[in-house]
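The values are calculated or read from the model by the stated rules, or taken from the named source; none is laboratory data. Not measured: the values here are computed from a predicted model. Backbone-built Cβ (ideal geometry, glycine too); neighbour counts: all protein chains shown.
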Amino acid sequence: MKKLLVSSLTIILSFSATSILAEQKMNHDEMKKMDPKVETSDQPNSHSAIGTVTKVDASLKKVTLAHAPVESLNWPAMTMGFSVQDDKLFNKLKVGETVDFEFIKAEQGYVITCVK
């Protein structure tokens, strides 16, 4: 009986280890199919969009934009706040203006790095 129990546990552990290894070998395309919003190493670090400035708070280094869809992140159009990397960018961020902008994902959220 003890040998049967040990054999059964060995088989169960073998299947579990095989399953774990299979999950670890999942490639980036499979990850994107599961959750297209997950950023992977083959996606660009920088993203771009067009948006209309709805609010500027230079003292907090923040701007709110109503932006068009962001294809590189599979985002729909929405209004959201961004941090601004460089204070000089506020010269190009005026409420009501439509701008082309680039941004990255940073530890503190999404950060605008360039305004055209």
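Quick look at the values:
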{"read-out": "From 83, 41, 48, residue being among the small types (Gly, Ala, Ser) and at pLDDT below 95", "value": "41"}
{"read-out": "Restricting the stretch 79-105 to residues that are in a strand (DSSP E or B) and among the aromatic types (Phe, Trp, Tyr), the residue that is surrounded by the most Cβ atoms within 10 Å (Cβ to Cβ)", "value": "103"}
{"read-out": "Whichever residue in the stretch 88-112 is acidic (Asp, Glu) and modelled with pLDDT of 95 or more and, among such residues, is farthest from residue 52 (Cα to Cα)", "value": "102"}
